[in-house]
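J.: The structure is given below, and queries will be raised subsequently.
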Amino acid sequence: MNRFSIVGAALVGVAGLLAAPAIAQQETKQEPKSASGQAKVSPVTQQQLNSADKNSTNFLLTNGNYAQTRFYPAKQIDRDNVKNLHVAWIFQTDVKESLETSPIVVDGVMFVTTSFSHVYALDAKTGEQLWHYNHKMGPITTYCCGPNNRGVQVLGDLVYLATLDSKLIALNAKSGEVVWKTDIADPEQGYSETMAPTVIKDKVLIGTNGGEYGIRGFVKAYDAKTGKLLWTFNTVPENSVGVWATKDATGRDMHRNIQAEKDQLAKTGDPYQKLGGGVWQNPAVDLATNRIYFVVGNPSPDLDGSVRPGDNLYTDSLVSLDLDTGKYVCHFQYIAHDVWDLDAVSPAVLVDVKGKDGKTIPGVIHAGKTGHIYVHDRKDCSLIRFSEAMVPQENMWVLPTKEGARMLPGANGGVEWSPIATDPGQELAYAINLHQPMNYFVENSPYPNGKLWLGGAFKAIPTEKQSGNITAVNYNTGKIKWQVKTPEPMIGGILATAGGLVFTGEGNGKFAAYNSSNGKELWNFRAGAGVNAPPSSYMVGGKQYIVVGAGGNTQVDFHRGNNIIAFSLN
Amino acid sequence: MYRKSNFCIFAAVVLAAVLNVCVTPLYAQSIAEKTQLCAGCHGADGKPIDKTIPTLWGQQAGYIYIQLRDFKRGDRKSDIMQPIASSLERQDMLDIAEYFSKKPWPDLGQPSASKDVAARAVSANQSIGCTGCHLDHFQGDGTVPRLAGMGKDYLAKQMTDFRSRARGNNPGMSDLMLATPPDDLVALAEYLSGL
């Protein structure tokens, strides 16, 4: 029930009391509920998805569009009127745990997910529940960092979901009933799913979690109609050794002992089968070239490099594949032989960028846990430039020790999984960052059959203050344009709009709008639980809404809640 | 692992159970029969008979299954549990795990930690991120166990055993315990048992 209905019902109730003596028999009837369990949603066409970047009514893809710009073209809510933004409705889910969902909106119907892989279809105008899919979780789930789910995608009349127990499921968009279901990988071996699938040209693309459990990472494509597996790309090739790179993407020495690694390689061979390399954020799709671009996570075990000689390809890398075949096109590795878990997790974004010669070319950008935004040539994945560091960097790259070695950034970043937003008109990328001073410890242990395999620990230093920031970076110069400091580390995501705004939330429950040109705060709201999810926007009945989940965060242990909150003007 | 005074009792229970298993094939036993043996140590009312024995009632099914699997494989060492688990097939383990997970978590009546101890435990959690896997309020999920309200002595022993790698079936836990000072582990055991 929205707030107008509540007021209306109250007025009717008062009127009924006043008139009671005269018309004692009169009944006041509430409006009948809409057909329970049904969502009136039109099939989503591939053409709609292709042009999602120009669609100022719906929010069709996890990061707004296939380029993943998180730039929403509606501008009804702007810098002048955003101060009048208020709650339109709040929906309380049944699950009070970490919320990382990106709400998807199709013609007035919203699809949101929660921890433990629940899906809700809501009336996007009122917040009324239309259906709820409560996934019957298998007894065996293996995951770190929270029972998260980041959302669904819709194509045709199917809603696609990947679950914590590593299943891919197609639901009927109208009813939430299961149409088909398939196993992606074995959760007992450390595989799990938290990402939203990307559906493109009758294929459902999905990666996997498990970089802390000695998995072999992949991206798989399934037939969208039947769930049949079409292709698999292993993110770790059988020859994972690489070129014995001694420097990171920014040219800093990583202090590798190459000879020791070569000796280990001669003894134990290529470690590709248990090397990790999860992909748990959506790939970007270049519709013009039929290629996908995604980032690959850390090698296993996280901190002990002694058991995994070589560059550990393609961990900590940007990778591009051919969409139709899943064949490798190009890659760029940020950190070879990573022993800090400073991997690549924030989703890749496709924008036009200035190349090294100053000419505009198709680019791809990624915000790293290192605190840099990396700008690449889309043609061959090569690095054009990297930004100024958005967070303090100290003692890079000191090797982890048994006693613990201090280094900044901490293992969560920089930029964690949080998707960035861009505003191509301003040539800006907006990223939210964590600052968590940590000590890095190394330990050695053999592969533990699908159990947690860290090879040490990264430990926040209790005596050092943590904080966060929102940073706007010009990706054509690499310079920071503005930065807003926040009292706590930032994790969740950000949205830019044509109204000249960016929206993002904090672990303390603050959700705010900022002027996208200078970072000035223009509006805020206190949600009562951590706002650690990426916001979306949409239009219904001629009115623009901003919607975000406020459920806190498991990984950084922000206050949990279960609210989906939609805001509008008037 | 267990106090000597109780070892004879345990041994007798185990012997009886193993004999029982030998007489009645597992597939012919009901879940109640299969789990009868467990009650001897883990408690007929869900309260373990000894403070170093874990609570099974209300524990996460995935976790119970993995432990039984690891006892059978020898990945987790126990003179008591290994012979018991060795007779179980995968489906038996899953059934037993589900059976116990559906039971109500027993109140062991352990006191809440003092403010100072709680603060130390919370700080330790913030440093290594226990709740990243054990989740909010340390309730666990899937293959990760509930810790809240577990017996204090059992918690302390497991953390110490992980730290020394005497318990070797989760090296990630060993790494995290090694990165945590022993005094913090004492505080964590007291804090978690009182939740």
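J.: Would you confirm, using the coordinates I've provided, whether residue A:443 is open to solvent by 50 Å² or more (accessible area, probe 1.4 Å), over 20 Å from residue B:126 (Cβ atoms) and touching a strand residue (DSSP E or B) at 6+ places or on another chain (Cβ under 6 Å)?
T.: Here the answer is no, as residue A:443 does not meet what is asked.
J.: In the set A:405, A:431, A:460, which member is touching a helix residue (DSSP H, G or I) at 6+ places or on another chain (Cβ under 8 Å), open to solvent by less than 20 Å² (accessible area, probe 1.4 Å) and not polar (S, T, N, Q)?
T.: Every option except A:460 fails the conditions.
J.: Scan segment B:140-191 for residues that are more than 10 Å from chain A (Cβ to nearest Cβ) and in a loop (DSSP other than H, G, I, E, B) and jot them down.
T.: Residues satisfying the conditions are B:140, B:145, B:146, B:147, B:148, B:149, B:150, B:151, B:166, B:167, B:181.
J.: Would you check if there is a residue in segment B:149-160 being farther than 30 Å from residue B:36 by Cβ and modelled with pLDDT of 95 or more?
T.: Yes: segment B:149-160 contains one or more residues that are farther than 30 Å from residue B:36 by Cβ and modelled with pLDDT of 95 or more.
J.: Moving on. What number of residues in segment B:76-122 are assigned to a helix (DSSP H, G or I), closer than 21 Å to residue B:152 by Cβ, of a type in the set (Gly, Ala, Ser) and open to solvent by 40 Å² or more (accessible area, probe 1.4 Å)?
T.: Count: 1.
J.: Can you go through A:496, A:512 and tell me which one is more than 19 Å from residue A:557 (Cα to Cα) and without any contact (Cβ under 8 Å) to a residue 40 or more places away in the chain?
T.: Just one listed residue meets the conditions, A:512.
J.: Can residue A:214 be described as closer than 30 Å to residue B:138 by Cβ, open to solvent by less than 10 Å² (accessible area, probe 1.4 Å) and either touching a strand residue (DSSP E or B) at 6+ places or on another chain (Cβ under 7 Å) or without any contact (Cβ under 8 Å) to a residue 60 or more places away in the chain (or both)?
T.: yes
J.: So which residues in segment A:145-166 are touching a residue at least 60 places away in the same chain (Cβ under 8 Å), within 8 Å of chain B (Cβ to nearest Cβ) and either open to solvent by less than 30 Å² (accessible area, probe 1.4 Å) or under 24 Å from residue A:545 (Cα atoms) (or both), if there are any at all?
T.: Result: A:146, A:147.
J.: Can you confirm whether segment A:125-138 contains a residue that is among the charged types (D, E, K, R), in a loop (DSSP other than H, G, I, E, B) and either without any contact (Cβ under 8 Å) to a residue 12 or more places away in the chain or crowded, with 21+ Cβ neighbours inside 10 Å (or both)?
T.: Scanning segment A:125-138, I find at least one residue that is among the charged types (D, E, K, R), in a loop (DSSP other than H, G, I, E, B) and either without any contact (Cβ under 8 Å) to a residue 12 or more places away in the chain or crowded, with 21+ Cβ neighbours inside 10 Å (or both), so the answer is yes.
J.: Can you say whether residue B:184 is in contact (Cβ under 8 Å) with a residue 60 or more places away in the chain, closer than 22 Å to residue B:115 by Cα, open to solvent by 40 Å² or more (accessible area, probe 1.4 Å) and not hydrophobic (A, V, I, L, M, F, W, C), as far as the supplied structure shows?
T.: No: the conditions fail for residue B:184.
J.: I would also like to ask the following. Could you list all residues from segment B:85-127 that are polar (S, T, N, Q) and either closer than 30 Å to residue A:457 by Cβ or without any contact (Cβ under 8 Å) to a residue 12 or more places away in the chain (or both)?
T.: B:91, B:101, B:110, B:112, B:114, B:123, B:125, B:126, B:127, listed by residue number.
J.: Which of the residues that make up segment A:212-225 are touching a Leu at 6+ places or on another chain (Cβ under 9 Å) and not basic (Lys, Arg)?
T.: A:212, A:213, A:214, A:215, A:217, A:219, A:221, A:222, A:223, A:224
J.: Please go through segment A:524-553 and give me each residue that is open to solvent by 20 Å² or more (accessible area, probe 1.4 Å) and over 30 Å from residue B:134 (Cα atoms), ordered by number.
T.: A:524, A:525, A:539, A:540, A:541, A:542, A:543
J.: Let me ask something else. Can you pull out the residues in segment B:124-133 that are more than 7 Å from every other protein chain (Cβ to nearest Cβ) and open to solvent by less than 20 Å² (accessible area, probe 1.4 Å)?
T.: B:124, B:125
J.: Further question on the same structure: Go through segment B:61-75 and give me each residue that's over 20 Å from residue B:134 (Cα atoms) and away from chain A (no Cβ under 11 Å).
T.: B:71, B:72, B:74
J.: Going through segment B:32-75 one residue at a time, which ones are among the charged types (D, E, K, R) and either open to solvent by less than 30 Å² (accessible area, probe 1.4 Å) or over 19 Å from residue B:143 (Cβ atoms) (or both)?
T.: B:33, B:34, B:45, B:47, B:50, B:51, B:69, B:70
J.: Going through segment A:436-478 one residue at a time, which ones are free of Cβ contacts under 8 Å to residues at least 60 places away in the same chain and within 19 Å of the chain's Cα centre (by Cα)?
T.: A:468, A:470, A:472
J.: Restricting attention to segment A:46-57, which residues are in contact (Cβ under 8 Å) with a residue 40 or more places away in the chain and open to solvent by 10 Å² or more (accessible area, probe 1.4 Å)?
T.: Result: A:46, A:50, A:56, A:57.
J.: Follow-up. Report the residue count in segment A:424-447 for those that are within 14 Å of chain B (Cβ to nearest Cβ) and not polar (S, T, N, Q).
T.: Residues meeting the conditions: 9.
J.: Another question, if that's okay. How do the strands (runs of 3 or more DSSP E) wholly within segment A:295-393 filter down when requiring 3 or more residues that are within 25 Å of residue A:426 (Cβ to Cβ): which remain?
T.: A:349-354, A:360-367, A:373-377, A:383-386
J.: May I pose another question? Determine, yes or no, whether residue A:377 is more than 14 Å from every other protein chain (Cβ to nearest Cβ) and open to solvent by 20 Å² or more (accessible area, probe 1.4 Å).
T.: So residue A:377 fits the description; yes.
J.: Got a number for residues in segment A:528-570 being part of a strand (DSSP E or B) and in contact with a strand residue (DSSP E or B) (Cβ under 9 Å, 6 or more places away or on another chain)?
T.: Number of matching residues: 20.
J.: May I pose another question? Would it be correct to say that residue A:369 is within 14 Å of chain B (Cβ to nearest Cβ), in contact with a Pro (Cβ under 8 Å, 6 or more places away or on another chain) and crowded, with 21+ Cβ neighbours inside 10 Å?
T.: Criteria not met by residue A:369.
J.: I need the strands (runs of 3 or more DSSP E) fully contained in segment A:398-478, keeping only those with at least 3 residues that are more than 29 Å from residue A:150 (Cβ to Cβ).
T.: So the answer is A:438-442.
The values are calculated or read from the model by the stated rules, or taken from the named source; none is laboratory data. These numbers come from a predicted model, not from an experiment. Cβ sites come from the backbone with ideal geometry, for glycine too, and all protein chains shown count toward neighbours. Protein only, heavy atoms only, side chains kept; ligands, DNA and RNA dropped before computing areas. Shrake-Rupley method; radii C 1.70, N 1.55, O 1.52, S 1.80 Å.
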